[in-house]
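Worksheet for the structure shown next.
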Amino acid sequence: MRKRVVVTGIGMVTPLGIGVEENWRALLEGKSGIGTITSFDASSFPTRIAGEVRGLEPAHLPGGYAGDFDRLEKNSRFALAAGRMALADAGLLEDSFDRDRFGVYLGSGEAHCFFAPLFDMITGSLDGSAISMSKFPAAARSAMDPVLELEQQSYAPARHLARAFGARGPNSCCLTACAASSQALGEATEIIRRGDAVVMLSGGSHSMIYPLGLMGFSLLRAISTRNEEPEKASRPFDADRDGFVIGEGSGILVLEEMEHARERGAEIYGEIGGYGASSDAYRVTDVPPDGHGAIAAMRAALSDAVLAPADIGYINAHGTSTLINDVVETTAIKEVFGEEAYRIPVSSTKSMTGHLIAAAGAIELIACLLVLRHGVIPPTINQERSDPGCDLDYVPNAAREHAVAAALSNSFGFGGQNICLIVTGGEELR
């Protein structure tokens, strides 16, 4: 019989603030975290807005790391801060539990520091003639310190979390774009279910707010150019949406084997009841119009949780604010839930945070857990004009009181990776 997995701690670093309380308050108030980019000069780009993290300080990092704050790549800073919050919330920061059965599974992405020298090199010579070590700008060469490079690889945040908190169990990192942190949470759940760990620190951390990240999405024409009204740029399911908005940050959760949590008297947010995964096996940047991959992942999560469509009380949508994705996700939800789809509140918190790419799913699963706990659903803001292809209840513009016993979180990544997670609550867990 497989072990049951519960969530006992959560931590958040997002454009809406530092910490769960600040984020939850902003989500319920319908506050936007989107503004003009300040971390570099984006004045020459068609998109000059993003959801940047503000207010993160060395004191937010665990002991031993505060002095390295400026040296650490942003992905690691965000993960360490959110990880510390999550473990403190779970009462495990100083606890003497078995660290050999404590692991890390993180969704992450590229470290943007490597692209700064590359960007300098490319802009110095677009014909490629400067692409050699001898012609590499001096500043770029100094940035590529070999030890620092190892510290800032894509897997570095997972390694830093293990070192900072003494997690000597399984340690993994996945880089499946927008689905990465949800996949990490699903796989961390499976590790505990089969008995290979009793505690896993899992979620995601990512920033793509740097010149090449912005350039790539601009060339794809995937991101909003509503530069004059940044707070209105992310508008999932609205008829006037024109692309997603890049965000950054981290969401980290403490997953724990249920009996282990009960034995130590831990407070439980909810249970990871269902994990479903699929691939579109389609184009790299497009989604199949019939939504077959999303449909398969949602059905797999329901099956894993042993729940019927009518049991789901809330869906946190992938809801990116792109023209095609929002329609296809709506189509997929209607296929899976039938007439129930029109009853279930569906909201996209990306309307407020922007799209945190590899960290998005973890942030959104935390939102689902807080919905279970508080019985209030955050809205989809910037709902001003209805789209005939998006005809569900998107909880427009204002939070809504609504008791929920089971919530579904959707994450559909570039390249066709689809991950769906279901969390359940109730007195039985407390």
task = Sort through Val376, Val371 and tell me the only one that's among the β-branched types (Val, Ile, Thr), surrounded by fewer than 18 Cβ atoms within 10 Å (Cβ to Cβ) and farther than 18 Å from Ala297 by Cα.
result = Val376
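Can you say whether Arg101 is charged (D, E, K, R), within 28 Å of Gly186 (Cβ to Cβ) and surrounded by 24 or more Cβ atoms within 10 Å (Cβ to Cβ), as far as the supplied structure shows? Write out each step before concluding.
Details: charged (D, E, K, R): yes; within 28 Å of Gly186 (Cβ to Cβ): yes; surrounded by 24 or more Cβ atoms within 10 Å (Cβ to Cβ): no.
When the stated conditions are applied, Arg101 does not pass them.
Counting residues that are among the acidic types (Asp, Glu) and within 21 Å of the chain's Cα centre (by Cα), which helices (runs of 4 or more DSSP H) fully inside the range 304-394 reach at least 1?
Details: elements: 323-337, 350-353, 360-374.
Result: 323-337, 360-374.
Condition check ((1) surrounded by 15 or more Cβ atoms within 10 Å (Cβ to Cβ); (2) of a type in the set (Phe, Trp, Tyr); (3) part of a helix (DSSP H, G or I); (4) within 22 Å of the chain's Cα centre (by Cα)) across all residues:
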residue	(1), (2), (3), (4)
Val6	yes, no, no, yes
Trp24	yes, yes, yes, yes
Leu27	yes, no, yes, yes
Lys31	yes, no, no, yes
Pro62	yes, no, no, yes
Arg71	no, no, no, no
Asn75	yes, no, yes, yes
inquiry  = So, Ala266, is that one in contact with a Lys or Arg (Cβ under 7 Å, 6 or more places away or on another chain), surrounded by 20 or more Cβ atoms within 10 Å (Cβ to Cβ), touching a residue at least 40 places away in the same chain (Cβ under 8 Å) and among the small types (Gly, Ala, Ser) or not?
reply    = no
Selected residue (criterion: surrounded by the most Cβ atoms within 10 Å (Cβ to Cβ)) from residues of the range 193-238 that are under 30 Å from Arg264 (Cβ atoms) and either modelled with pLDDT under 95 or more than 21 Å from the chain's Cα centre (by Cα) (or both) = Ala197
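Can you confirm whether Leu370 is farther than 30 Å from Ala86 by Cβ and among the hydrophobic types (A, V, I, L, M, F, W, C)?
Values: farther than 30 Å from Ala86 by Cβ: no; among the hydrophobic types (A, V, I, L, M, F, W, C): yes.
Criteria not met by Leu370.
Looking at this structure, is Glu229 without any contact (Cβ under 8 Å) to a residue 24 or more places away in the chain, farther than 30 Å from Ser43 by Cβ and not small (Gly, Ala, Ser)?
Details: without any contact (Cβ under 8 Å) to a residue 24 or more places away in the chain: yes; farther than 30 Å from Ser43 by Cβ: no; not small (Gly, Ala, Ser): yes.
No.
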message = Please count how many residues of the range 379-402 are surrounded by 15 or more Cβ atoms within 10 Å (Cβ to Cβ) and of a type outside the set (D, E, K, R).
response = 11
ask   = Just one of the numbered conditions (1) of a type in the set (A, V, I, L, M, F, W, C); (2) touching a Cys at 6+ places or on another chain (Cβ under 8 Å); (3) farther than 17 Å from Phe244 by Cα is not true of Ile366; which one?
value = (2)
ask   = Within the range 62-70, is there a residue that is of a type in the set (Phe, Trp, Tyr) and either farther than 26 Å from Ala360 by Cβ or touching a strand residue (DSSP E or B) at 6+ places or on another chain (Cβ under 7 Å) (or both)?
value = no
message = Just to be sure I understand the filter: pairs with C-beta atoms under 9 Å, separated by 6 or more residues or on different chains, first member in the range 27-39 and modelled with pLDDT under 95, second member of a type in the set (Val, Ile, Thr). Which pairs pass?
response = Ser39/Ile209
task = Return the pairs, sorted by first residue and then second, in which the second residue is assigned to a helix (DSSP H, G or I), the first residue lies in the range 323-344 and is aromatic (Phe, Trp, Tyr), the beta carbons are less than 6 Å apart, and the residues are 6+ apart or on different chains.
result = Phe337/Pro309
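Confirm whether Ala266 is at pLDDT 95 or above, under 25 Å from Leu27 (Cβ atoms) and either assigned to a helix (DSSP H, G or I) or in contact with a strand residue (DSSP E or B) (Cβ under 6 Å, 6 or more places away or on another chain) (or both).
Details: at pLDDT 95 or above: yes; under 25 Å from Leu27 (Cβ atoms): yes; either assigned to a helix (DSSP H, G or I) or in contact with a strand residue (DSSP E or B) (Cβ under 6 Å, 6 or more places away or on another chain) (or both): yes.
Considered against the rule, which asks whether it is at pLDDT 95 or above, under 25 Å from Leu27 (Cβ atoms) and either assigned to a helix (DSSP H, G or I) or in contact with a strand residue (DSSP E or B) (Cβ under 6 Å, 6 or more places away or on another chain) (or both), Ala266 comes out as yes.
The values are calculated or read from the model by the stated rules, or taken from the named source; none is laboratory data. All values derive from a computational prediction rather than experimental measurement. Heads up, the Cβs are rebuilt from the backbone with ideal geometry, glycines too, and the neighbour counts pull from every protein chain shown.
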